[in-house]
Each structure stands twice: as structure tokens, then as C-alpha cells.
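All remarks here apply to the structure that follows.
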Amino acid sequence: MDSIPHTRTDAHDEAQAYELIIFDCDGVLVDSERITARVFADMLGELGLALTVQDIFDQFVGKSMDQCLGILSRSFGWEVPAEFAPEYRARSGLALHSEVRPVAGIESVLAAIRVPFCVASNGTHEKMRTTLGATGLLDQFSGKMFSVADVSRGKPFPDLFLHAAARFGTPPSKCAVIEDTPTGVSAGVAAGMTVYGYCALMPAHRLTEAGAHFTFDRMERLPALLLGGGIETCRLL
């Protein structure tokens, strides 16, 4: 059953027209997270650290590679081999190129939006080019891709979303963020933006607890939710 948007009690209760829609990439535009979580778990297992794919979702999904390596070091006392990150990028890149698909319904959602939109990811530009290219979405985001490599601090800090908004000359209060992880939701909230949590793979309560203003579990519902939040230039599907 679809999640029901929870009641807003702040200034966002007033209707407003969004001027920029900022999408996360993995899990929102492209169905990549199950693929990369599997590769990550496999590689850790090969090195003697037994974590399930669900463990990866619970602790690592939505975080940058540097953040993931920090968790491995702090939480597991595990010294990360120097070759781990480049090997992971190579193996996950191959898997994504052959397996990744667009998130169901995202093409029609992008066609419905009549205001500027972009993508802001804790992943690298190379990874975004791989996944968006393999799913046929790359042309729609040409010149509109923002990566953790562009800022000093990735999500959950607001830097990446604020950087994207600044490039478009859009006030944060006029931006809507579409995210699927607590890390990304926290970043959008910290940036002062309205956050829509896509909970197809992540439990809705985790996104709400992170501060998501609305949650939904079918991408086709997003245009209607954006319209309800004040976007007057988005037609319903």
C-alpha cells in the first residue's frame, strides 16, 4: 500500500511552486542499489568479513565510498586494503553496465516535469555516466549532474544539494529533493529543501525519521505529490 504523506506543520504547508527538482541517482533514477550491494557484500566476504546484502542496505547504501570505508574501519575494526576501492569500482561498473535498469516509471515522471531538474549523487561522475548511460537516461541529465566529488562534504551534509541549487540560481526553499535513503533525506532537510522519500526498497519509517516530508512507494505517484506540494507546471500522469 502506498505511504500516505504526513502532515506538514511548518512553512512548507503553504502552497509553493518548485523551481528545481533534484533527484538522487542510485535507487531513484536507476535500479542500481541491489546490484552494488551484492558486489560490495561479495567482495567483503572474499576478504573474510561476512555481511549480507541486507546488512549493506542497512549500513552503507546512500553513503560515499569514503564514508563506507570509514564505517568498515570504525565499526568493524577492519583495515581496508588499498586496492579495495578501485577493485570495487571496476567490478560494480561491469555489473551495472550489464544489469542496471531504470527505476520503474521514472521515464514518464521525467516527461511530466515542466520545471528544471537535475541529479545530485554521493557517487562519482563516472558511475552516474555508467548507470544513466546504460538506462538511456543520460541525455536528459547532460550538464545537470552533480557528484560528491564536486563538494568538500557529501550527504548527509547539505553541501551537494546547495551546490546544485546555486548552479541553477534557485533558493533552497524552492527546491524539491527526491531521495531513497536516510543519508540523502537528511542532506535535503539540512539544505532547507522539501524532501520526498521514495520507499520502494527502504522502509518508509526510516525516511520519515530522517526528516522526509512525504513518502511514496510507486514512482508514478511522484507528479501528483509534487503537484500537491505546489508545483503548478507538472501535469498528472
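The values are calculated or read from the model by the stated rules, or taken from the named source; none is laboratory data. Not measured: the values here are computed from a predicted model. For neighbour counting, all protein chains shown are included, and Cβ atoms are generated from backbone atoms with ideal geometry for every residue, glycine included. Just so you know, the surface numbers come from the protein's heavy atoms only, side chains and all, with ligands and any DNA or RNA stripped out. Shrake-Rupley method; radii C 1.70, N 1.55, O 1.52, S 1.80 Å.
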Non-local amide H neighbours of residue 215 (under 5 Å, H modeled in plane, Pro and chain starts lacking H): which ones?
6, 197
Beta carbons within 10 angstrom, averaged per residue: use that to sort the peptides 125-137, 44-56, 63-75, 26-38, highest first.
26-38, 125-137, 63-75, 44-56
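Please give me the summed charge of the neighbours of residue 95: other residues whose Cβ is under 14 Å from its Cβ, Lys and Arg +1, Asp and Glu -1.
Net of charged neighbours comes to 0.
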Tell me which of 37, 168, 84 sits at the most positive position along the dipole axis of the chain, charges placed on C-beta atoms (Lys, Arg +1; Asp, Glu -1).
168
Which entry in [x] 160; [y] 116; [z] 126 is this structure's computed volume of the Cα convex hull per residue in Å³?
[y]
Modelled label-to-label distance, residue 95 and residue 54, 7 Å Cα→beta-carbon offset: nm?
1.8
Between 0 and 90 degrees, rounded to the nearest ten: what's the tilt of helix 125-134 against the longest Cα principal axis of the chain?
70
Neighbourhood charge, 11 Å Cβ-Cβ cut-off, centred on residue 53 and excluding it, Lys, Arg +1 and Asp, Glu -1
-2
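Give, in nm to one decimal, the length gained when the segment between residue 138 and residue 220 is fully stretched (0.36 nm per residue of separation minus the Cα-Cα distance).
Net length gain for the segment: 27.5 nm.
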3J(HN,Hα) from dihedral phi, the range 44-60, Karplus parametrisation 6.51/-1.76/1.60, rounded to Hz, x for glycine, proline
5, x, 5, 9, x, 10, 7, 10, 7, 4, 5, 4, 5, 4, 5, 10, 10
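About its Cα centre, what dipole magnitude does the range 69-185 give when the only charges are +1 on Lys and Arg Cβ and -1 on Asp and Glu Cβ, stated in debye to the nearest 20?
Working: 12 positive and 11 negative charges, 66 e Å.
That gives the range 69-185 a dipole magnitude of about 320 debye.
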Could you work out what % of the accessible surface of the range 116-195 is carbon and sulfur, using a 1.4 angstrom probe and leaving DNA, RNA and ligands out of the count?
54
Where in the range 155-175 is the amide nitrogen less than 15 Å from a point lying 7 Å along the Cα-to-Cβ axis of residue 206?
156
Can you give the helix-only mean residue ellipticity at 222 nm for the chain, where every DSSP H stretch with n ≥ 4 adds -39500 (n - 2.57) and the sum goes over all residues, rounded to the nearest 500 deg cm²/dmol?
-12000 deg cm²/dmol
For the range 65-210: accessible area per residue (Å², 1.4 Å)
43
What is the dipole size for the chain, taken about its Cα centre, with +1 at each Lys and Arg Cβ and -1 at each Asp and Glu Cβ, in debye to the nearest 20?
360
Obtain the nm distance between the two label points defined at residue 125 and residue 166 by a simple spin-label model: each point lies 7 Å from its Cα along the Cα-to-C-beta direction.
1.7
Anisotropy class of the range 88-184 from Cα gyration tensor, a/c 1.5 cut
oblate
